Amino acid sequence: MSKLLKSKIVVLGLVAVLSLGVLAGCSSPAAEEKETSTETAPAVEVVEEGQATTLEGHVNVVGSTSVTPVAQEIAEAFMAKEPGVKVDVQGVGSSAGVKAASDGSADIGMASRNLKEGEKEWGLTEHVLAFDGIAVVVNPANGVGELTADQATAIFKGEITNWKDVGGADQEILVISREAGSGTRGAFEELLDLEAENAEGKTISAVKKDALVAEGNGAVKANVAKKEYAIGYLSLSYVDETVKGVSIDGVAPSVDAIVAGEYNVSRPFLLLTKGELSPAAQAYMDFAFSEEGQAIVAEKLIPVQ
Amino acid sequence: MITIDRKKHRKRELTEKIIEKIFLVAASISVISVLIITLFIFAKGAPAIGIVGVKEFLLGQDWEPMADIFGILPMILASFYATVGAILIGVPVGILTAVFLAEIAPIWLQRIVRPAVELLAGIPSVIYGFFGLLVIVPIIDEQFGGGGNSLLAAIFILGVMILPTIVTISETAIKAVPREYKEGSLALGTSHIETIFKVILPAAKSGVLAAVILGIGRAIGETMAVILVIGNTVQIPNSLLDRARTLTANIAIEMGYAFGLHQQVLFATGVVLFVFIMSLNLLLNHFTHKAGDK
């Protein structure tokens, strides 16, 4: 018995050594992506009502993976001010966020699309936190840096299938899309005219059927970053140096371009609440819409104020 | 004296009975769980099949949940192909490994191979998927193009994932073959290898088949590893390099977004999966019973 155990340990050790080697070989720079975002926090006036009392509690913020990064940054700045409050931000998708806010399993829901008809009947209060751009992204090694909106639509529909038709290399285009129900996908299809009607008059997606489906913004980004001839779409807040945002009709995706009304691929980010909030959750909401919170929003999104 | 004994006796009887009941409760937890899960899945999913229509649901080729079009044929086929592929890789390798462990390998080598196979069983499926995404998908992309996320990648990963199941169960079956069979065969002048393929494996047939069926069950049910490598495109795959989406992947990917009928249909997808697995288990029972008759 102990011999068997010993050999198991030996094999385990071997596996550990081997995998360490592999890990060391392909260490990724992903860990450094987080910049210190709270530097823009000038000691703003102490929360109104002058209550220096320390809040305590736990706030669950659940929903869209697109809203998650900004909600998380707001949460971190908020927790730095209110050490007694713990804010948990979970990205599980817009529909799940709406549901969680409605059934009370989350204090605050996040959605990156407008509420659907059925959802509007659930008595949720919508707070528009920001507007977000959706960037069409390609691999940084791709020579193509600009598309017209029509070209982008044609690529996602599958009418243009080779990069050489839009001024790139003679390579097949790998289209990466999102799962049905994703807020980003819904908004993107609406904005780029990627919707069609079927025989029964129902709206269906016109994105080419054989597109790779990645689950979440992070997965789209990882796929585009790894595959040289891929094209995908991301919430603007996810765009970083691992992928290249393509200019649409000559305008690069950026907060400034959206504010100026030049970049048109944008949609609202919603925070959803139902009924009376706990003091801690209310404080988080107040903070998100305060000057300070909106300053965080403004880094990558378009604040509402 | 006698009264004391009787007291003692009664007390003992009581504890015996209580402990027996505890065993019963423990045993019924599995049964109750199966019943509740079955009821729940069917209650949630069956009405949706009625709304969509059995034929449209099982044979429909379009999946447009936002427009209430729910056809899962592409996913049924993807699950089927992925499983068959995994079996084509996993079964030969697994059975040969089992024979090697049971019959050929020297003890020191067994002590390396067996724990390695056992460790393989303990690796979480998401790690398999991650490995596939970082290693197998880029290799396929390099060799064949097309991005690399494909049925082929899923087949590789599943083929490896079902190895431990097939190896351990086949090995047990092979070891259970009576020594006399082997001795008799060798005494008749056959070589060791001939004995393995002509006598031992045929004698262990039912156990090996059970291993294969359990392997199929594992391959059909695997979700996380598959999602990461298969590309998740709803289309009927025409080649190994095509992207596809399996039944399990479909449920896992869309459940977070699903709402109303869409959600019910995902449960219905679960019903289909459930029927598959149940049929496999019946098949398994059939074979193991046969083994008993032998």
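What to note about this one:
- Put a plus charge on the Cβ of each Lys and Arg, a minus charge on the Cβ of each Asp and Glu, and nothing anywhere else: the dipole of segment B:51-161 about its Cα centre is then about 480 debye.
- Counting only other chain Cβ atoms within 10 Å of each residue's Cβ, the peptide A:206-213 averages 6.
- Beta-bridge orientation, the protein assembly as shown: approximately 60 percent antiparallel, per DSSP, counting only bridges with both partners inside.
- Segment B:2-53, dipole about Cα centre (Lys/Arg Cβ +1, Asp/Glu Cβ -1), debye to the nearest 20: 420 debye
- Per-residue HN-Hα couplings for segment B:233-250 [Karplus 6.51, -1.76, 1.60; θ = phi - 60°; Hz; x = Gly/Pro]: 7, 7, 7, 6, x, 9, 8, 5, 8, 6, 7, 7, 9, 8, 4, 5, 4, 4
- The distance between label points at residue B:46 and residue A:88 comes to 3.6 nm (points 7 Å beyond Cα on the Cα→Cβ vector).
- Our analysis of segment A:136-231 gives Rg over Rh at 0.96, with the two radii drawn from alpha carbon positions and Rh computed by the Kirkwood formula.
- Shape of chain B, Cα gyration tensor, a/c cut at 1.5: oblate
- Cα gyration tensor category, rounded, prolate or oblate, for segment A:181-276 with a/c compared to 1.5: rounded
- Remark on residue A:208: its backbone amide H falls under 5 Å from those of A:157, A:158, a criterion applied only to residues 5 or more positions apart or on other chains, H modelled at 1.01 Å from N.
- Counted charge near residue A:192, where neighbours are those whose Cβ lies closer than 12 Å (Asp, Glu -1; Lys, Arg +1): -3
- Treating r as the C-beta distance of residue B:20 and residue A:276 and R0 as 56 Å, the FRET efficiency rounds to 0.60.
- Sparsely packed loop sites in segment B:2-63 (the trypsin sites (Lys or Arg not before Pro) outside DSSP H, G, I, E and B with at most 15 other Cβ atoms within 10 Å) do not occur.
- Interchain or long-range residues, amide H under 5 Å from residue A:247's placed H: A:146, A:147
- Gyration tensor verdict on segment B:136-282 (Cα atoms; rounded if a/c is under 1.5, prolate if a/b is larger than b/c, oblate otherwise): oblate
- Karplus 3J(HN,Hα) series, Hz, for segment A:179-184 with 6.51 cos²θ - 1.76 cosθ + 1.60 (x for Gly, Pro): 5, 4, x, 5, x, 5
- Using Cβ point charges alone (K and R +1, D and E -1), the dipole size of the protein assembly as shown about the Cα centre works out to roughly 4540 debye.
- Legend: translational diffusion of segment B:2-53 by Stokes-Einstein, Rh = Kirkwood radius over C-alpha pairs, 25 °C, 0.890 mPa s; D = 169 µm²/s.
The numbers here are math on the coordinates, done by the rules we state, and not lab data. As the structure is a computational prediction, the values presented were derived from the model and not from experiment. Positions of Cβ are backbone-derived with ideal geometry, glycine not excepted, and every protein chain shown enters the neighbour counts.
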